[in-house]
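A.B. asks: The structure is given below, and queries will be raised subsequently.
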Amino acid sequence: MRRKEKRLLQFSGLLIAALLFLPNVGLWSLYRDRVVGKDARVGRDGVRRKDWHDYETIRRDATRSGNGEQGKPFPLTDADRVDQAYRENGFNIYVSDRISLNRSVPDIRHPNCKKKLYSEKLPNTSIIIPFHNEGWSSLLRTVHSILNRSPPELIAEIILVDDFSDKGTHGIQNTQTCPHRLSLAQLPLLGSDANVCIFTGPCLLFSYLLLCIQTSAHAHNTNH
């Protein structure tokens, strides 16, 4: 008899625990659906999320026109096709110098991606851009795209690493030239002190919230 009572008590304890804590049938499920579910910015994982978009910047970019705006190609004349420009930079620096540093790009994200919310608490980031004999207009355009299309509170610093160039810094202040070529593993040792390090190329344009995607992925991998 005592054995049956003991088993009955054990079964009752398991049943009560299941009703209280199982995610799909327990009291937590009721709380989640009635309280958490009312706020679309709180996920089923309990993480508060927010819309990080700067809609004013998106609107302003959509109205820009001019050379290369909206990601459109720059129309070349025969006089513009200078072979020397390609030999020195790998692309036509003559054209690059005539495109705005704040160049607009089309938002090619899937509609569902534009609606995605990211955690309110994302780590700040050091964005490291190594370059070697890079054309300055393309390099600075990369920096402008980061600043224009990323939440400022997520940018701890942007580090430009002159990886042993021999073309000089064109008068840009606070530029330190490395005495020898570096590997990617060595770059964070140059002074980054943010929670996350992201490496990007010197002639890439950031799209909207690309930094949120990168830091969100890092935070997810760290927590799992």
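Laboratory data are not the source of any read-out in this text; all were calculated from the coordinates shown. Keep in mind the model is a prediction, meaning the values are calculated, not measured. Here the Cβ positions follow ideal geometry from the backbone for every residue, glycine too, while neighbour counts run over all protein chains shown.
A.B. asks: Take peptides 55-65, 197-207 and line them up by average Cβ neighbours within 10 Å, highest first, as a rough protection proxy.
C.D. replies: Descending packing order for the listed peptides: 197-207, 55-65.
A.B. asks: Could I ask something else about it? Got a sec? How would L76, L139 order by Cβ neighbour count within 10 Å, fewest to most?
C.D. replies: L76, L139
A.B. asks: Which whole-Hz ³J(HN,Hα) couplings does segment 51-61 yield from phi under the Karplus relation 6.51 cos²θ - 1.76 cosθ + 1.60, θ = phi - 60°, glycine and proline marked x?
C.D. replies: Once θ is set to phi - 60°, the couplings for segment 51-61 become 8, 8, 5, 9, 5, 5, 5, 4, 5, 5, 4 Hz.
A.B. asks: Per-residue HN-Hα couplings for segment 149-156, Karplus 6.51 cos²θ - 1.76 cosθ + 1.60 at θ = phi - 60°, whole Hz, x for Gly and Pro?
C.D. replies: Calculated HN-Hα couplings, in order: 10, 10, x, x, 6, 8, 9, 7 Hz.
A.B. asks: Enumerate the amide H contacts of F164 below 5 Å, restricted to partners 5 or more residues apart or on another chain; note that Pro and chain-start residues carry no placed amide H.
C.D. replies: The answer is C178.
A.B. asks: Follow-up. With each pseudo-label sitting 7 Å past Cα toward Cβ, what's the N195-A62 distance in nm, one decimal?
C.D. replies: Distance between label points: 3.2 nm.
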